[in-house]
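**Student:** Quick one: the structure is below, and I'll ask about it shortly.
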Amino acid sequence: MGLSKTEMFTEQQNEIALFAKVFGHPARVSILQHLFKINSCVCGDLVYEIGLAQPTISQHLKELKHLGLIKGSVEGTRVCYCINLENWTKMKETMLHFLHQDIPESKDCC
């Protein structure tokens, strides 16, 4: 049995790709922006705020939680979500390190 495609790459490369995937959908970006804007946990009003169906919101929340960018807690029959600041900081450091790579000047470049 061969290697899966992700096993061909470093842990950091896979991590960066996962972060990029999370930011690759505007609904997830919107959810993150809303969580930052309210600066507290949100317990169910995302459907109203984002304008998507509950199952769609739930799927995007699952992706964000799986990556650890948000965390959730159960309050009665509702799950409340907020930004996981520790993981958000780690993600920013990883992405900034990747994005701040210098491209050497070369006269022989296309």
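**Student:** Just the number please: accessible area per residue for segment 1-71, 1.4 Å probe, all protein chains included, in Å². Working shown, then result.
**Tutor:** Values: 4770 Å² over 71 residues.
Result: 67 Å² per residue.
**Student:** Also, quick follow-up: For the chain, which DSSP H helices look membrane-span-like by this rule: Cα extent along the axis of 15 Å or more and mean Kyte-Doolittle of at least 0.5? Intermediate results must be reported in sequence, preceding the final value.
**Tutor:** Values: long enough: 11-23 (18 Å, 0.02); 26-38 (18 Å, 0.61); 54-67 (20 Å, -0.85); 85-99 (20 Å, -0.39).
Within the chain the helices that satisfy the rule are 26-38.
**Student:** If you don't mind, another one. Ranked by accessible surface with a 1.4 Å probe, highest first, in what order do 67, 32 come? It would help to have the intermediate numbers written out before the result.
**Tutor:** Values: 67 40, 32 5 Å².
Order by accessible area, largest first: 67, 32.
**Student:** Let me ask something else. Each label point is 7 Å from the Cα along the Cα-to-Cβ direction; what then is the distance between the points at residue 41 and residue 87, in nm?
**Tutor:** Taking the simple label geometry, residue 41 and residue 87 are separated by 1.6 nm.
**Student:** How much of the accessible area of the chain, in percent, comes from carbon and sulfur atoms when a 1.4 Å probe is used?
**Tutor:** Values: 4650 of 8280 Å².
Answer for the chain is 56 percent, counting heavy atoms of protein chains only.
**Student:** Using a 1.4 angstrom probe and counting only protein chains, how large is the accessible area of residue 98 in Å², to 10?
**Tutor:** 90
**Student:** Just reorder 78, 28 by solvent-accessible area, largest first, 1.4 Å probe, all chains present. Intermediate results must be reported in sequence, preceding the final value.
**Tutor:** Numbers: 78 125, 28 25 Å².
Solvent-accessible surface, decreasing: 78, 28.
**Student:** Also, I was wondering about something else. What translational D, rounded to a whole number of µm²/s, comes out for the chain from Stokes-Einstein when the hydrodynamic radius is the Kirkwood one over Cα pairs, at 37 °C and 0.692 mPa s? Could you put the intermediate results ahead of the total?
**Tutor:** Working: Rh = 16.0 Å.
Using the Kirkwood radius from Cα pairs, D works out to 205 µm²/s.
**Student:** Using a cut-off of 21 Å between alpha-carbon atoms, which lysines can reach residue 90, once sequence neighbours fewer than 8 places away in the same chain are excluded?
**Tutor:** Within the straight-line cut-off, residue 90 pairs with 21, 37, 62, 65, 71.
**Student:** Taking 30 Å as R0, compute the FRET efficiency from the Cβ-Cβ separation of residue 20 and residue 48 and round it to 0.05. Provide the component values of the computation, followed by the final result.
**Tutor:** On the way: r = 29 Å, r/R0 = 0.95.
The computed FRET efficiency comes out at 0.60.
**Student:** Can you pull the one-decimal nm distance between simple spin-label points at residue 79 and residue 7, each 7 Å off the Cα toward Cβ?
**Tutor:** 3.0
The values are calculated or read from the model by the stated rules, or taken from the named source; none is laboratory data. Keep in mind that what you see is a predicted model, and the values were worked out from it rather than measured. Reconstructed Cβ throughout: ideal geometry from the backbone, glycine too, with neighbour counts over all protein chains shown. Surface accessibility is based on the protein's heavy atoms, side chains included, excluding ligands, DNA and RNA. Shrake-Rupley method; radii C 1.70, N 1.55, O 1.52, S 1.80 Å.
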